[in-house]
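To keep things clear, I will list the structure first and then write my remarks on it.
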Amino acid sequence: MTARFPVSAPDAAIRAGLLPCLREDLQLWFSDQPADLEQARSYCQPCPLRAHCLAGAMERREPRGVWGGEILGRGAVVGRKTGDSEAAVRLSQ
């Protein structure tokens, strides 16, 4: 089941500047560097749309990046990213 918000909730969060992925350097969310991904995860913690973001990414099977405060690889949460992204994905399966 997909998390649902009234249409105005995401719009209000965007207008209020509450979404860290729109405030900070977006490249952090898609970096190959584990430290950058951990920084992005920390920025996600207070985000009001965190659960919605993660649910949408899982539904779309996002191939990579930080979504809703979690690191995804091949559409699944991988936990922590190591220097070898393929190994991190294999370990999570």
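Some points to look at:
- Taking the criterion of being part of a loop (DSSP other than H, G, I, E, B) and under 16 Å from Val77 (Cβ atoms), the only residue of segment 16-57 that qualifies is Gln45.
- Only residues that are over 12 Å from the mean Cα position of the chain (by Cα), surrounded by 13 or more Cβ atoms within 10 Å (Cβ to Cβ) and either at pLDDT 75 or above or charged (D, E, K, R) (or both) were counted across segment 1-30, and they come to 2.
The values are calculated or read from the model by the stated rules, or taken from the named source; none is laboratory data. Since the model is a prediction, treat every value here as computed from it, not as a measurement. Because the Cβ atoms are built from the backbone with ideal geometry, glycine has one as well, and the counts that use them run over all protein chains shown.
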